[in-house]
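Read-outs: derived from the displayed coordinates by stated rules, not from any lab. Because the structure is predicted, anything quoted here is derived from the model rather than measured. Neighbour counts are summed over all protein chains in view; Cβ atoms, including those assigned to glycine, are modelled from backbone coordinates with ideal geometry.
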Amino acid sequence: MGICAELPWGPPAVMNDAHVLMEHPERAMPFCVKRYRVLNDQGECVALVESNHQTRNIITLPQTIHTQSLTIEPLETWGCPAAIFEVRCYA
């Protein structure tokens with residue numbers, strides 16, 4: 001897809017899950033990112049979401065990670081450009 005949302009911060013943070021919100025001006029389902037990956041600061045995939053149809057995703061990581069950034073990498077949409085407008089990370 002070519003467009004990623006990278007979220008850098010200072011010292012490595014501890015987290016267990018990330019909340020991702022998406023939108024599009026038409027507010028219709030096609031704006032949802034169908035498939036995307038969540039990458040840590042080393043470019044390693046820490047989560048893969050497939051067949052998504054919801055605008056709000058809560059991704060519970062299989063284990064706690066320590067990272068200085070997260071990258072949300074859209075891989076496929078339902079037809080419209082990807083539009084990620086919020087990501088929250090929690091420990």
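General remarks:
- The gain in end-to-end length when the Val14 to Gln54 segment is fully stretched comes to 11.8 nm, 0.36 nm per residue minus the alpha carbon separation.
- For Thr71, Thr64, order by how many other beta-carbon atoms lie within 10 Å, fewest first: Thr64, Thr71
- Rounded to the nearest 20, the Cβ-based charge dipole of the chain about its Cα centre (Lys and Arg +1, Asp and Glu -1) stands at 180 debye.
- Entry for Cα extents along the principal axes in Å (calculated from the structure that is shown) out of [x] 58, 36, 31; [y] 54, 38, 20; [z] 38, 22, 19: [z]
- Dipole of the chain, positive direction: furthest Cα of Cys89, Thr64, Asn52, with charges on the beta-carbon: Asn52
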